[in-house]
Structure formats: structure tokens, C-alpha cells
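The values are calculated or read from the model by the stated rules, or taken from the named source; none is laboratory data. What you are looking at is a predicted structure, and each value in this text was computed from that prediction instead of being measured. Methodologically, a virtual Cβ is constructed for each residue, glycine included, from the backbone with ideal geometry; neighbour enumeration extends over all protein chains shown.
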Amino acid sequence: MGELLDGVCAAIGAATGIAFQVRDARTAHGGDISAASVVSDGARRYFLKTQPAHRLDMFAAEAAGLAELGAAGALRVPQPVCHGLAGGRAFLVLEALSLGGRGDAAALGRQLAHLHRVSAAGFGWQRDNWIGATPQQNGWMDDWIAFWRERRLGVQLQLAQQNGHGGVLQRDGAILLERLDGLFAGYRPSPSLLHGDLWGGNHGYLDDGTPVVFDPAVYFGDRECDLAMSELFGGFAPAFYAAYREAWPLDAGYAVRRTLYNLYHVLNHANMFGGGYAGQAQRMLGELLSHLR
């Protein structure tokens, strides 16, 4: 641990131009993948995440995603400070923010709509990144339906096959990929800058109620993806959805495509954690195919 902290301190000093020495380190909630702590020299505090060395690219992608979101000027994010290797571990240092679970949910809805107004020439991003512990492909494409088929659902279905989730899941998955265009009749989304992993655990509020989002899986895609993900694990406050829809109303077909977009995340959970997620994915596939008959 000493070698790790020494390297982190040196990196913080190099990034900020001010020497830093850890005087206090306290374990913090860091999600399902990373170990996390808040380190302080008595005057400044930073949020430190660590993982095995081979996951350094995951932190590089996270830092790049936070920088992209921060540059948009729409939503508050913890600013990345530095990342690297020390003591045989990968690390990421972020601005430390004191967050709570209550705040201005309506502001979050409006600000997310503002973020989604940031566009690009195509669908994808400047680099690949990660969705949880799974690599996420972001190579640019002009066709959104092809992007979702090839870069998202197709990848997760292939991983599911490799992980032993075959049979009906693969049969129905192949049918869905073939008929995907049928879920987009009259709807052609523009590329929107997405958080990419916007479930309830990846947002909070400052003491003054300001919304904050973190742990992104950034890319440019259909804005409905973020809205769908926000509803997958319990949902956000009603004021969030009302404010978003007031700022930018959703297409009527969202009610069906929400299941399509969340299928990606449920398949990813099946691939990462197993359990009942494969069965949930199978039910979602059945629901989607019922709209295509």
C-alpha cells in the first residue's frame, strides 16, 4: 500500500503542480469493480480508485469520458486529476465531492436534455471504453441501427454464447438482430452525447442540491439509451422524467425501444454476474419479438 500511495502522491503533485502527501485515507464506496478511498493531506481531498494493473485502460477510458462530459458544460461531474500505475496497481484520482441522495431531480432532467443536445457527425466515440467490466466497442458508424446491432447487442449475444447462454436466447437474439429495423419505423435518432451507464447508483447531489453524474461509459448514440437505463434498476425521481420530457419530448416508440436498449445492459449483467439475468434477457427478447410479428 505504501508504494501505491507514494506513486499516487507523485502523480497528483505532477498533475496539479503542488506537492501532495497522504495524511489520511478512508475507505469509500466505489461501485462493484474498483476499490475506492478518499485521501487527504489535511488541506486537499481526492477520490482514489484502484484496480489490478491490467485494468489501467479502464481508468484511462473513464477519465476521458469524464473529461468529455465536463467539457460539454451541461452536467456536473467529478473532474479527473490523473491516472497511472503504482505498486503493481492501476489507479485513478478524481476530484472528491461530498454527495447525498437527495437534490434537484428536475435540474438533473433538464441538464441531461442539455447534454443530449451535444451531437457528433456519427455514432460512436473517439475510443473504445467499458460497460462495467466488459469492453464496449465505439468505432464510428453512420447508421444507428447497424451500430446497435453490431457494436452493442451483437457483441453481448456473442459473449453470452461463449458464457454458456445458448438455446432459445441465441435463437431469439438472432431473429431480433435480423428484424431490428422494425423497432425504428418513422424514427431516426441523431447522435447525442450519452453518459452511457446512467442507472441510479451513478448519480448524486451536492449539499446545495446540484446534480452530479459519474462512472460513465460515454459515446454518441440515441438519447433514449440514457433514459432507458435510468429506468432499469428502480428509476429516478418523477421530477427528473417530467423535466426531461418538458425540455425535449420523447418519441412515442420509446416505450418499446426502452426494452431494446435495456436488453444490452441485462445481457451485460448476465455475462458479468450470471444468475437470473439470462432469463430476464430471454423474457425481454420475447417481448420485443412480439412487437415485430
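Taking Arg223 and the conditions (1) surrounded by fewer than 13 Cβ atoms within 10 Å (Cβ to Cβ); (2) under 16 Å from the mean Cα position of the chain (by Cα); (3) of a type in the set (Lys, Arg), which numbered condition does it fall short on, given that it satisfies the others? Looking at each condition in turn, Arg223 falls short on (1). Within segment 1-30, the set of residues being of a type outside the set (A, V, I, L, M, F, W, C) and either part of a helix (DSSP H, G or I) or out of contact with any strand residue (DSSP E or B) (no Cβ under 9 Å at 6 or more places or on another chain) (or both) comprises Gly2, Glu3, Asp6, Gly7, Gly13, Thr16, Gly17, Gln21. Counting only strands (runs of 3 or more DSSP E) that fall entirely inside segment 200-241 and contain at least 3 residues that are closer than 16 Å to Gly103 by Cα, the qualifying elements are 203-205, 211-213.
Among all residues of segment 53-68, there is at least one that is surrounded by 16 or more Cβ atoms within 10 Å (Cβ to Cβ), at pLDDT 95 or above and more than 18 Å from Gly132 (Cα to Cα). For Arg171, the conditions (1) part of a helix (DSSP H, G or I); (2) touching a residue at least 40 places away in the same chain (Cβ under 8 Å); (3) of a type in the set (Lys, Arg) are fulfilled apart from (2).
State all residues of segment 266-293 that are of a type in the set (A, V, I, L, M), closer than 18 Å to Gln161 by Cα and in contact (Cβ under 8 Å) with a residue 40 or more places away in the chain; if no residue qualifies, say none. If the condition is that a residue be of a type in the set (A, V, I, L, M), closer than 18 Å to Gln161 by Cα and in contact (Cβ under 8 Å) with a residue 40 or more places away in the chain, then Leu267, Ala270, Met272, Ala278, Ala281, Leu285 are the ones that fit. Identify, please: which residue in segment 122-134 is under 12 Å from the mean Cα position of the chain (by Cα) and not in a loop (DSSP other than H, G, I, E, B) and is, among those, surrounded by the fewest Cβ atoms within 10 Å (Cβ to Cβ)? Only one residue tops the list, namely Thr134. Quick one: which residue in Arg110, Arg102 is among the charged types (D, E, K, R) and surrounded by 15 or more Cβ atoms within 10 Å (Cβ to Cβ)? So the residue among Arg110, Arg102 that is among the charged types (D, E, K, R) and surrounded by 15 or more Cβ atoms within 10 Å (Cβ to Cβ) is Arg110. Residues considered: Gly182, Gly201. Of these, the only one that is of a type outside the set (Phe, Trp, Tyr) and either free of Cβ contacts under 8 Å to residues at least 12 places away in the same chain or out of contact with any Asp or Glu (no Cβ under 9 Å at 6 or more places or on another chain) (or both) is Gly182.
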